[in-house]
Structure formats: C-alpha cells, structure tokens
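Engineer: Structure in structure tokens, see below.
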Amino acid sequence: MSLMELLMIIIPSTLLWAAPLVFTALGGVFSERSGVVNIGLEGLMWIGAFTAIVFNLTFVQTFGSLTPWVSLLAAMIAGLLFSLLHAVAAITFRADHTVSGVAINLLASGLTLFLVKLIYDKGETDIIQRGFNKIDVPILKDIPILGKLFFQNTYWTSFLAIFIAFIAWYMIYKTPFGLRLRSVGEHPMAADTMGINVAKMRYLGVMISGALGGIGGGIYAESISSNFSHATISGQGFMAMAAMIFGKWHPLGAMGAALFFGFAQSLSIIGSSLPFLKTIPSVYLLIAPYVLTILALTGFIGRAEAPKADGVHYIKGSR
C-alpha cells in the first residue's frame with residue numbers, strides 16, 4: 001500500500017471522527033470562557049444524539065433528504081434547552097459547577113435510555129435510513145493530490161466543524177460579544193463595573209455550549225453510529241473536554257486537539273486495514289484514544305491555565 005493510499009484512508013476517517021469532538025469542544029470553550037466549568041459535555045452529546053436519531057426516525061418521510069440536517073437542528077435546540085439546567089444550577093443557585101456537570105451527565109444518560117425503552121420497547125432505537133453520507137466536493141475534488149485527500153470520500157459535517165471553529169474564534173476574539181464573554185470569565189467584578197451583565201453573559205456562554213454539544217452528539221449519531229443505544233456516546237464528551245484543555249481554551253487550539261483525538265479514534269477503527277497496525281491486537285487500538293487523551297493532559301501540553309474566574313461564583317456587590 002502506497003503512502004497516498006494510506007493517507008486517502010486516514011484523512012477522511014480522521015475528519016469524520018473529529019467533527020463531533022470539534023463542535024463539543026467549541027461548546028466547552030464558550031462556557032468556560034464565560035466562567036462556567038462545564039464537564040457536562042458528555043451529557044449534552046447524549047441529548048443531541050438521542051434527539052437527532054429519534055427526530056430522524058420520526059420525520060424521515062416528512063423531510064426526505066433534508067432529514068439529517070433538520071434532525072441536527074433539533075439536536076441543537078435540545079442541547080441548548082438541556083444546558084439551561086446547568087446554567088440555572090451553577091449561575092442562579094451558585095451550585096458547585098463540577099457537581100452540576102456530573103448531575104447533567106447522569107441525568108442525560110438515564111433519561112435518554114429510559115425514553116428509548118419507553119418509545120421503542122427495547123434498549124436501542126432502529127437504524128436510521130437517512131444519515132450523513134460520504135460526498136465528493138465538486139470542483140475541489142479535482143485539485144491534484146489535495147483533492148483526493150481532503151475532498152473525496154468525505155462528509156459535509158467535517159467541513160462545517162472546521163468552518164464553525166473559525167467563526168467561534170472570530171466571535172470570541174474579534175467582536176464586542178466575545179470581549180464581554182471573556183471579561184466575565186477573567187474578572188467578573190471589573191466587567192460588572194463596566195455595565196456588563198455577568199449572569200446574562202454566563203447564561204449565553206452555557207447555552208451556546210449546549211447548542212454546540214447537541215450538534216456534536218447529533219453528528220456522531222447520524223454519521224457514525226446510525227442509531228442510539230447505551231453505547232452510542234461512550235466518552236466522546238470527555239474527549240472533547242480534553243481537547244478544549246489541550247487547546248488551552250482557544251477555539252482553533254481546541255479544533256486542532258479535536259483533530260488529533262479524531263485521528264486516534266479513527267485508528268482504532270481502521271487500524272486493522274493498515275499494514276503497520278494490522279499486527280497490533282485490536283484491544284490496544286480501541287484503548288489508544290483514551291490513553292492518548294490522558295497522556296496529552298498530563299505531560300505534553302505545558303502549563304494550561306483556565307480563565308481566571310472559571311468556576312468562581314460571582315455575587316454582585318461582593319469582593
């Protein structure tokens with residue numbers, strides 16, 4: 001197998017597996033840049049995956065070929081609404097952010113599995129008939145070398161994830177909204193003094209996080225698993241959180257880290273078809289993404305500092 005043939009397998013697979021992580025990691029960036037720790041990203045992906053699959057199965061006859069995209073919109077709304085539970089607990093009632101995030105994860109997994117059993121009378125949903133399919137991008141696919149690597153046998157969702165990462169970078173670092181968001185995550189008292197509504201900005205950060213996490217779960221379910229069960233989301237939310245930290249709470253850094261973890265996940269699936277990995281026992285390839293996540297967070301990223309007020313409650317008028 002030539003190098004070109006190897007890359008034609010690895011790159012599209014990496015982009016496929018990275019897309020859900022990119023969206024969810026970006027959601028974490030928005031939340032934590034506003035000062036709210038959000039380890040409930042896993043739960044948000046559960047909600048997004050469940051909503052996308054159930055909506056897809058229910059309305060496929062109504063929306064036809066648009067069903068995956070409309071289902072993704074439903075997943076986004078569901079994630080946004082579910083994230084309000086975390087926002088109310090952590091911002092309004094000033095609960096511990098970590099405890100609230102854990103509760104979100106547990107509630108999401110329990111609620112979705114209960115609803116699947118209630119709706120379908122079994123432990124998993126049916127397989128969707130219309131998901132995100134592989135595409136060849138017109139014109140771009142004909143570019144020498146790059147066209148075969150990046151624009152053939154790929155998915156629109158991968159390009160959308162990268163595009164949204166740049167949009168997130170622009171929003172956070174180049175707009176008044178982003179300046180306000182970062183200010184309440186760094187020094188909420190100074191922001192309050194300047195007339196910025198700290199609670200409002202933090203609510204917006206968490207809600208954007210919920211919307212992006214829901215999209216991440218929806219993309220994973222509709223492009224990779226094709227149904228929803230107890231094993232659909234199995235650590236991807238925590239991997240996205242690791243990508244956010246690995247990327248040092250920067251949208252483009254989070255995207256790069258998500259691509260790295262997507263590469264690790266893809267190797268666990270396609271490794272048996274690659275000459276230099278086929279002799280490695282499959283169990284090692286399956287645990288590789290999680291091992292790499294731990295290694296990345298413990299020794300290879302230097303000192304990663306969160307926003308100064310991340311996880312710190314703000315009480316108006318207090319010092």
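The values are calculated or read from the model by the stated rules, or taken from the named source; none is laboratory data. This is a predicted model, so every value here is computed, not measured. Positions of Cβ are backbone-derived with ideal geometry, glycine not excepted, and every protein chain shown enters the neighbour counts.
Engineer: Against the condition farther than 21 Å from GLY40 by Cβ and either polar (S, T, N, Q) or touching a residue at least 24 places away in the same chain (Cβ under 8 Å) (or both), how does LEU292 come out, does it pass?
Structural biologist: It is true that LEU292 is farther than 21 Å from GLY40 by Cβ and either polar (S, T, N, Q) or touching a residue at least 24 places away in the same chain (Cβ under 8 Å) (or both).
Engineer: Between a residue in region 30-54 that is touching a residue at least 12 places away in the same chain (Cβ under 8 Å) and within 10 Å of GLY101 (Cβ to Cβ) and any residue that is among the charged types (D, E, K, R) and assigned to a helix (DSSP H, G or I), which pairs come within a Cβ distance under 8 Å, given they are 6 or more apart or on different chains?
Structural biologist: Note: pairs meeting the criteria are VAL36/ARG202; ASN38/GLU32.
Engineer: Does any residue in region 1-23 that is in a helix (DSSP H, G or I) come within less than 8 Å, Cβ to Cβ, of a residue that is basic (Lys, Arg) six or more places away or on a different chain, and which pairs are these?
Structural biologist: Cβ pairs passing all conditions: MET4/LYS148; MET8/LYS148; PRO12/LYS134.
Engineer: Could you grab me the full set of residues in region 252-266 that are of a type in the set (Gly, Ala, Ser) and at pLDDT 90 or above? So that I can check it myself, show each step before the final result.
Structural biologist: First pass over region 252-266, keeping only residues of a type in the set (Gly, Ala, Ser): 253-254, 256-258, 262, 264, 266.
Result: GLY253, ALA254, GLY256, ALA257, ALA258, GLY262.
Engineer: Still on this structure, please answer the following. What are the residues in region 147-166 that are free of Cβ contacts under 8 Å to residues at least 40 places away in the same chain, farther than 17 Å from TRP17 by Cβ and surrounded by 12 or more Cβ atoms within 10 Å (Cβ to Cβ), if any?
Structural biologist: GLY147, PHE151
Engineer: Turning to a different aspect of this structure: Since SER229 meets every condition but one in (1) polar (S, T, N, Q); (2) part of a loop (DSSP other than H, G, I, E, B); (3) within 24 Å of SER31 (Cβ to Cβ), which condition does it not meet?
Structural biologist: (3) is the only condition that SER229 fails.
Engineer: Can you tell me which residue within region 1-39, out of those that are charged (D, E, K, R) and buried (at least 19 other Cβ atoms within 10 Å of the Cβ), is farthest from MET171 (Cα to Cα)?
Structural biologist: Here the answer is GLU32.
Engineer: From the set of residues in region 208-230 that are of a type in the set (A, V, I, L, M) and buried (at least 21 other Cβ atoms within 10 Å of the Cβ), which is farthest from ALA19 (Cα to Cα)?
Structural biologist: Out of the qualifying residues, it is ILE208.
Engineer: Moving on. Would you mind stating whether ASN197 is surrounded by 16 or more Cβ atoms within 10 Å (Cβ to Cβ) and over 15 Å from TRP249 (Cα atoms)? Break it down stepwise before answering.
Structural biologist: Values: surrounded by 16 or more Cβ atoms within 10 Å (Cβ to Cβ): no; over 15 Å from TRP249 (Cα atoms): yes.
So ASN197 fails the test.
Engineer: Could you check how many residues of region 75-90 are free of Cβ contacts under 8 Å to residues at least 24 places away in the same chain, small (Gly, Ala, Ser) and out of contact with any His (no Cβ under 9 Å at 6 or more places or on another chain)?
Structural biologist: 0
Engineer: Next question, about the same structure. What is the number of the single condition among (1) touching a Lys or Arg at 6+ places or on another chain (Cβ under 7 Å); (2) free of Cβ contacts under 8 Å to residues at least 60 places away in the same chain; (3) in a helix (DSSP H, G or I) that ILE196 does not meet?
Structural biologist: (3)
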